[in-house]
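Novice: Mind having a look at this structure? Questions to follow.
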Amino acid sequence: MTNKINVSIVGGAGYTAGELLRILIHHPMVNISSVYSTSNAGNPVTKVHDDLFGETDIVFSDKIDENADVVFLCLGHGKSAEFLQNNTYSANTKIIDLSNDFRLNANHIFEDRTFVYGLPELDREAIKTAQNIANPGCFATAIQLALLPLAAKNEIKNDIHINAVTGSTGAGQSLSASTHFSWRNNNVSFYKEFTHQHEGEIYQTLNQLEKDFNKKVYFLPMRGDFARGILAGVYLKSDLTEEEAKNIFNDYYKNEPFTHVSDAPIALKQVVNTNKCFLHVQKQDDVLLITSIIDNLTKGASGQAVENMNLMFGWEENLGLNLKTVAF
């Protein structure tokens, strides 16, 4: 292997930044050159991310590393474009953005930078040669991985229905009425019914794979009373038999390092703290159900961002990402 690259994290106090640090501290090809946070400048990162106590002595900085080899933008939605307007990086610096600012075709070009949508199971070859990556949304990742094999075979011939639940970390670290313990604990609720921002990514991908895609996606997101993970039930009417559908999924994902199709029913704890997506396919009458599970902070955010970095630098895709869950 060659020399380590210098990596900078911007927006270092949030959940996705903390998860990036957990992964990158032990990545064999990475030197973390700066963790930018104006509100925490001068404080050790362990003051915010106390799970890293004993792992690192890195201190938050209020200065960007403008010559970093790669910068991860862990800013709120709508904040990445604003940050890049006010801060300049070297033309050689690769940018991986974890917000939704550059995911859609309508806004994937920003000044002199073009952002490639970073879903490896869809666009691996484009990611390998990209200078800038728009990391997918967490719900969008889980749902798209449940649909890619069908779309690639033009087997989505009816409207799609999705019922999915996410953990509280999906709402970010800022406090709100629906994130504090007394509201979230022993509680579940729908939100953004049929209007969730990740629907745009899903439609975009389906149109990329099926040029004349004209079906509807009906998405019901839910808040769960747990911290991490997404479980999505994606179902639609289909003429495929269960065996035919399973063969399509197994063939599509046969060489994927992180996405796996299970013959047995799946449960969320199997993937929490890992960069894996597990899928289960079953048929009831004329309805095909694909269950998809991921960790919203790893495969749904920071882990996938590191996966994209590995591809951009020509390394093994799973480098630094051989993470094991705790399923009990």
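Novice: Go ahead and estimate [θ] at 222 nm for the chain from helices alone: -39,500 (n - 2.57) per DSSP H run with n ≥ 4, summed, over the residue count, rounded to 500.
Specialist: -7000 deg cm²/dmol
Novice: Tell me the carbon and sulfur percent of the accessible area for the chain, rounded to whole percent, probe radius 1.4 Å.
Specialist: 48
Novice: Now for a different question. Using r as the Cβ-Cβ distance of D57 and T114, and R0 as 35 Å, what FRET efficiency do you calculate, to the nearest 0.05?
Specialist: Rounded to the nearest 0.05, the efficiency is 0.40.
Novice: Right, something else. Rolling a 1.4 Å sphere over the protein heavy atoms, what is the accessible area per residue of the chain, to the nearest Å²?
Specialist: I get 45 Å² per residue for the chain.
Novice: Once R0 is set to 45 Å, what does the formula 1/(1 + (r/R0)^6) return for the Cβ-Cβ distance between K79 and N250, expressed as a FRET efficiency to the nearest 0.05?
Specialist: Once the sixth-power term is evaluated, E becomes 0.65.
Novice: Quick one: dipole size for the chain, taken about the Cα centre, charges +1 on Lys/Arg Cβ and -1 on Asp/Glu Cβ, in debye to the nearest 20.
Specialist: With Lys and Arg at +1 and Asp and Glu at -1, about 420 debye.
Novice: Also, quick follow-up: Let me know the shape class of the stretch 248-322, please: from the alpha-carbon gyration tensor, a ≥ b ≥ c as square roots of the eigenvalues, rounded when a/c is under 1.5, otherwise prolate if a/b is greater than b/c, or oblate.
Specialist: prolate
Novice: Over the stretch 138-294, calculate the relative contact order: mean separation of alpha carbon pairs under 8 Å at least 6 apart, over the residue count, as a percent.
Specialist: 31
Novice: Oh, and also: Sequence gap at least 6, Cα distance under 8 Å: using those rules, report the relative contact order of the chain to the nearest whole percent.
Specialist: Worked out over the chain, it gives 17 percent.
Novice: Rounded, prolate or oblate: which fits the stretch 29-139, taking a ≥ b ≥ c as square roots of the Cα gyration tensor eigenvalues, rounded meaning a/c under 1.5, else prolate when a/b beats b/c?
Specialist: The shape class here is prolate.
Novice: Tell me, what ³J(HN,Hα) does each residue in the stretch 244-249 have, in order and in whole Hz, if you take phi through Karplus 6.51 cos²θ - 1.76 cosθ + 1.60 with θ = phi - 60° and put x for Gly and Pro?
Specialist: 4, 5, 4, 5, 4, 5
Novice: So, one more: Ranked from the most accessible area to the least, with a 1.4 Å probe and all protein chains present, what is the order of E307, E199?
Specialist: E199, E307
Novice: So, one more: Report the label-to-label distance for T38 and K4 in nanometres (one decimal), using points 7 Å from each Cα along the Cα→Cβ vector.
Specialist: 2.9
Novice: Out of all DSSP beta bridges with both ends in the chain, state the antiparallel percent to the nearest 5.
Specialist: Counting DSSP beta bridges with both partners in the chain, the antiparallel share is about 45 percent.
Novice: Further, regarding this structure: Using the Kirkwood radius built from alpha carbon pairs, what does the Stokes-Einstein equation give as D for the stretch 138-294 at 25 °C and 0.890 mPa s, in µm² per second?
Specialist: Approximately 152 µm²/s, per Stokes-Einstein.
Novice: What angle, in degrees between 0 and 90 and rounded to the nearest 10, separates the Cα long axis of helix 138-152 from the longest principal axis of the Cα atoms of the chain?
Specialist: 50
Novice: Tell me which of L220, N100, V188 sits at the most positive position along the dipole axis of the chain, charges placed on C-beta atoms (Lys, Arg +1; Asp, Glu -1).
Specialist: V188
Novice: Quick check: the angle from helix 302-312's long axis to the longest principal axis of the chain, C-alpha only, nearest 10 degrees?
Specialist: 80
Novice: Cβ under 10 Å from V271's Cβ, V271 left aside: what net charge do those residues give with Lys, Arg +1 and Asp, Glu -1?
Specialist: So the surrounding residues net to +3.
Novice: Suppose R0 equals 30 Å. What FRET efficiency, 1/(1 + (r/R0)^6) with r the Cβ-Cβ distance, do D285 and A227 give to the nearest 0.05?
Specialist: 0.25
Novice: How high is the relative contact order of the stretch 19-60, in percent, with contacts defined as C-alpha pairs under 8 Å that are six or more residues apart?
Specialist: Over the stretch 19-60, the number comes to 39 percent.
Novice: In terms of Cα to Cα distance under 16 Å, which lysines are near enough to K276, apart from those fewer than 8 places away along the same chain?
Specialist: Answer for K276, where 16 Å is the Cα cut-off: K254, K299, K324, listed by chain and number.
Novice: Mind checking which of L20, L148, L84 has the largest fluctuation in a GNM of the chain, springs on alpha carbons under 10 Å?
Specialist: Judging by the Gaussian network model, the answer is L84.
Novice: Next question. Taking the Cα centre of the stretch 138-294 as origin, work out the dipole magnitude from +1 charges on Lys and Arg Cβ and -1 charges on Asp and Glu Cβ, in debye rounded to 20.
Specialist: It works out to roughly 560 debye.
The values are calculated or read from the model by the stated rules, or taken from the named source; none is laboratory data. Note that the structure is predicted; figures quoted are calculated from it, not measured. Counting neighbours? That spans all protein chains shown, and the Cβs are built from the backbone with ideal geometry, glycine included. Note: areas computed on protein heavy atoms with side chains; ligands, DNA, RNA excluded. Shrake-Rupley method; radii C 1.70, N 1.55, O 1.52, S 1.80 Å.
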